[in-house]
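Here it is, the structure in full.
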Amino acid sequence: MDYEEFADEKCQSLMQIQEEFREKFGIDRYELWHYDAELELLRLYNDDQDQLFLKYIPIGTFSLKSETWMWSWYNEYAAEPSKENLLVIKDFGIKNDYHKLVEGTFSADEFDCWEFAAICFDKLDGIGVYRLTTEKLHSYLLVNKILEDDAVEVIKYRQQKVNCEAHGYSRDAFVCQHLNLEQSKGFEEAFDTYRGMQLDEDDDFQAWCSECEKVRLQSDGWNDESEEFAKIKLICEDCYFELKSFNSK
Ligand SMILES: [Zn+2]
Ligand SMILES: [Zn+2]
């Protein structure tokens, strides 16, 4: 079977399933979405009560500007661990000499994208496909599970509180007013941290600059004086680790 024939067949069968999927779970009812790449969790919602949590595998993205497709396994910025699952598709492409399944990125159109989604749906366990659309990018996600409210991923997601403009929802982190990404100012932490680490219930990511550390030591720890100097502020976990890698230099 040549690629076009193969892809067309898969596309046909996806289209039928898609309709059921959207109807059954009321997918189109939700106006807002948010996803957490590390948890591979997609949240569709109208408000905090009216929402649906889905588990997904990232298929790939279509850039509207350059009109190119990129498979998620090829995308170094895709943080989802399950992007590796897509290598099955690549292997399948190699065996059958289907170039579009083998190359990481290339010119494509929207029709191609749905074919890729359909092939992934067929080869990997899925219950439907969701397309996230922004001005510049369409991201195709293979949904493989509807998550219950007590699923580990949902609980973790809920523990994340900050809604950062750059990074979306993430856990709280606290830093002094002086830390920025322009000039390295040292990075003192309450305890050693790494991105994504588990925290005890009463622990937070906390960091301050070398100047704050001096004041803190002079005033025997955190008190009114050192806190006034530091003016600790709330930021997101991702911002925290950007500051950490910049200011630790
Ligand atoms: Zn400081
Ligand atoms: Zn952030």
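Just the residues that are within 15 Å of ligand 2 (Cβ to nearest atom) and either among the aliphatic types (A, V, I, L, M) or free of Cβ contacts under 8 Å to residues at least 12 places away in the same chain (or both), please, taken from the range 170-218.
Of everything in the range 170-218, those that are within 15 Å of ligand 2 (Cβ to nearest atom) and either among the aliphatic types (A, V, I, L, M) or free of Cβ contacts under 8 Å to residues at least 12 places away in the same chain (or both) turn out to be A173, V175, L179, L181, A207.
Now for a different question. Could you tell me which numbered condition T68 fails, if it satisfies all but one of (1) farther than 20 Å from A118 by Cβ; (2) surrounded by fewer than 19 Cβ atoms within 10 Å (Cβ to Cβ)?
The one condition T68 does not meet is (1).
Another one. Take the conditions under 19 Å from the mean Cα position of the chain (by Cα) and either assigned by TED's automatic domain parsing to the domain that holds L141 or not charged (D, E, K, R) (or both) and apply them to Y56. Does it pass? Don't jump to the end; show me each part of the working.
Working: under 19 Å from the mean Cα position of the chain (by Cα): yes; either assigned by TED's automatic domain parsing to the domain that holds L141 or not charged (D, E, K, R) (or both): yes.
Taking the combined requirement at face value, the residue satisfies it.
Might you let me know whether the range 60-80 holds any residue that is touching a residue at least 40 places away in the same chain (Cβ under 8 Å) and basic (K, R)?
Yes, there is a match, as at least one residue in the range 60-80 is touching a residue at least 40 places away in the same chain (Cβ under 8 Å) and basic (K, R).
Let me ask you something else. Identify all residues within the range 84-117 that are among the aliphatic types (A, V, I, L, M) and in a helix (DSSP H, G or I); write none if there are none. First the steps, then the outcome.
The first filter runs over the range 84-117 and keeps only residues among the aliphatic types (A, V, I, L, M), leaving 86-89, 94, 101-102, 108, 117.
Within the range 84-117, L86, L87, V88, I89, I94, L101, A117 meet the criteria.
Got a number for residues in the range 1-46 being in contact (Cβ under 8 Å) with a residue 12 or more places away in the chain, of a type outside the set (D, E) and over 25 Å from G93 (Cα atoms)?
Qualifying residue count for the region: 19.
The values are calculated or read from the model by the stated rules, or taken from the named source; none is laboratory data. Just so you know, these numbers come straight off a predicted model, no measurement behind them. With ideal geometry, Cβ positions are generated from the backbone for all residues, glycine too; neighbour counts draw on all protein chains shown.
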